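See below for the structure under consideration.
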Amino acid sequence: MKKEKVFFCFVFLTLALFYSCSSPESQFDREKQTLRSTADEYDGRIEWTENLEEKDLSKPGQPEKMAANVKASVQSVILSSEKTETVYPYIEGFASLYLGNAEPECISIVRKFTENLINDSENISLMFSGREYELAVFLYNYRNILSDQKAAEVILGNPFVSEDQVQFPVRVYLKNSITNYELKPHIDFFVYLSKSENEWKIIRFDFF
């Protein structure tokens with residue numbers, strides 16, 4: 001009788017131990033399967049966008065109006081932009097060479113004046129009435145600066161334009177073997193024009 005009781009206790013303990021070891025694992029597996037199925041169901045309801053092609057991600061975008069043989073860079077993209085302002089030639093220590101903000105008549109008068117200046121021709125007719133003495137004073141100082149040198153070339157700079165007056169920077173280059181326009185000997189001065197009775201005339205000069 002004792003043997004039967006001992007055997008029964010042994011079997012009961014064995015079953016209890018097996019249940020205690022196997023039951024949590026089975027419950028964990030069931031919970032794991034439940035979470036996975038829930039995640040799969042949630043993922044299935046999401047509308048995903050189309051995958052980007054890897055070849056498009058590996059190449060920089062090519063801006064419009066850029067030649068195919070030009071390598072894309074920050075500088076090239078900026079320069080290719082339609083909003084980029086036009087860059088005009090500029091002589092250090094003088095002025096920009098952009099003349100687009102002045103009236104063609106003003107440009108023509110100053111060009112005529114400088115042409116006559118180089119050729120030592122008369123310029124009285126280009127002066128504002130009553131301002132002829134300004135020309136006499138300018139020519140006196142100009143010839144003293146020029147001395148025995150010869151004028152070779154004239155460049156007009158970007159003028160300052162107001163409602164009733166235009167100020168033109170002018171550079172007269174002297175004959176010299178130097179080709180660098182910033183180092184070549186020169187004489188700089190301003191030509192001022194004013195308008196009277198719808199006609200532009202020169203009113204004065206200033207050296208700078």
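The values are calculated or read from the model by the stated rules, or taken from the named source; none is laboratory data. The shown structure was predicted, so the numbers you read here are calculated from the model rather than taken from an experiment. Neighbour counts are summed over all protein chains in view; Cβ atoms, including those assigned to glycine, are modelled from backbone coordinates with ideal geometry. Only protein heavy atoms, including side chains, enter the accessible area calculation; ligands, DNA and RNA are left aside. Shrake-Rupley method; radii C 1.70, N 1.55, O 1.52, S 1.80 Å.
Pick from the range 144-167 the residues that are over 33 Å from the mean Cα position of the chain (by Cα) and of a type in the set (Gly, Ala, Ser): which of them is farthest from Tyr88 (Cα to Cα)?
Ser147
Looking only at residues that are among the aromatic types (Phe, Trp, Tyr) and over 16 Å from Ile124 (Cβ atoms) in the range 183-207, which one is least open to solvent (accessible area, probe 1.4 Å)? Give the derivation first.
Of the residues in the range 183-207, the ones among the aromatic types (Phe, Trp, Tyr) are 189-190, 192, 200, 205, 207.
Retained after the next criterion (residues that are over 16 Å from Ile124 (Cβ atoms)): 189-190, 192, 207.
Working: Phe189: 0, Phe190: 47, Tyr192: 18, Phe207: 75 Å².
Checked the range 183-207; the qualifying residue least open to solvent (accessible area, probe 1.4 Å) is Phe189.
In the range 95-133, which residue that is open to solvent by 60 Å² or more (accessible area, probe 1.4 Å) and of a type in the set (Phe, Trp, Tyr) is nearest to Asn198 (Cα to Cα)?
Only one residue tops the list, namely Tyr133.
Is there any pair with a first residue in the range 96-111 that is free of Cβ contacts under 8 Å to residues at least 12 places away in the same chain and a second that is of a type outside the set (Lys, Arg) and assigned to a loop (DSSP other than H, G, I, E, B) whose Cβ atoms are under 9 Å apart and which are 6 or more apart or on different chains, and what are they?
Gly100/Tyr88; Gly100/Asn158
What's the total number of residues in the range 149-205 that are hydroxyl-bearing (Ser, Thr, Tyr) and in contact (Cβ under 8 Å) with a residue 24 or more places away in the chain?
From the range 149-205, those hydroxyl-bearing (Ser, Thr, Tyr) are 162, 173, 177, 179, 181, 192, 194, 196; that's our starting set.
The next check asks that each one be in contact (Cβ under 8 Å) with a residue 24 or more places away in the chain; those that pass are 181, 192, 194, 196.
Total satisfying the criteria: 4.
Considering every residue within the range 151-172, establish whether at least one is surrounded by fewer than 18 Cβ atoms within 10 Å (Cβ to Cβ) and basic (Lys, Arg). Even if it seems obvious, please write down each step before you answer.
Here is the first cut: in the range 151-172, the ones surrounded by fewer than 18 Cβ atoms within 10 Å (Cβ to Cβ) are 152-153, 160-165, 167.
Restricting the remaining residues to those that are basic (Lys, Arg) gives none.
Within the range 151-172, none of the residues are surrounded by fewer than 18 Cβ atoms within 10 Å (Cβ to Cβ) and basic (Lys, Arg).
Against the condition in a loop (DSSP other than H, G, I, E, B) and within 34 Å of the chain's Cα centre (by Cα), how does Tyr173 come out, does it pass? Break it down stepwise before answering.
Working: in a loop (DSSP other than H, G, I, E, B): no; within 34 Å of the chain's Cα centre (by Cα): yes.
Considered against the rule, which asks whether it is in a loop (DSSP other than H, G, I, E, B) and within 34 Å of the chain's Cα centre (by Cα), Tyr173 comes out as no.
Under 8 Å between Cβ atoms, which residue pairs at least 6 apart in sequence (or on different chains) link something in the range 125-141 that is within 13 Å of Phe113 (Cα to Cα) and in contact (Cβ under 8 Å) with a residue 12 or more places away in the chain with a partner that is of a type in the set (A, V, I, L, M) and open to solvent by 70 Å² or more (accessible area, probe 1.4 Å)?
Matching pairs, first to second residue: Leu135/Ile124.
Among the residues of the range 97-147, which ones are more than 20 Å from Phe207 (Cβ to Cβ) and of a type in the set (Ser, Thr, Tyr)?
Tyr98, Ser108, Ser121, Ser125, Ser129
Name the residue, out of Asn69, Asn101, Asn141, that is in a loop (DSSP other than H, G, I, E, B) and either touching a helix residue (DSSP H, G or I) at 6+ places or on another chain (Cβ under 7 Å) or modelled with pLDDT of 90 or more (or both). Give the steps one after another, and end with the answer.
Details: Asn69 fails: either touching a helix residue (DSSP H, G or I) at 6+ places or on another chain (Cβ under 7 Å) or modelled with pLDDT of 90 or more (or both); Asn141 fails: in a loop (DSSP other than H, G, I, E, B).
The conditions single out Asn101.
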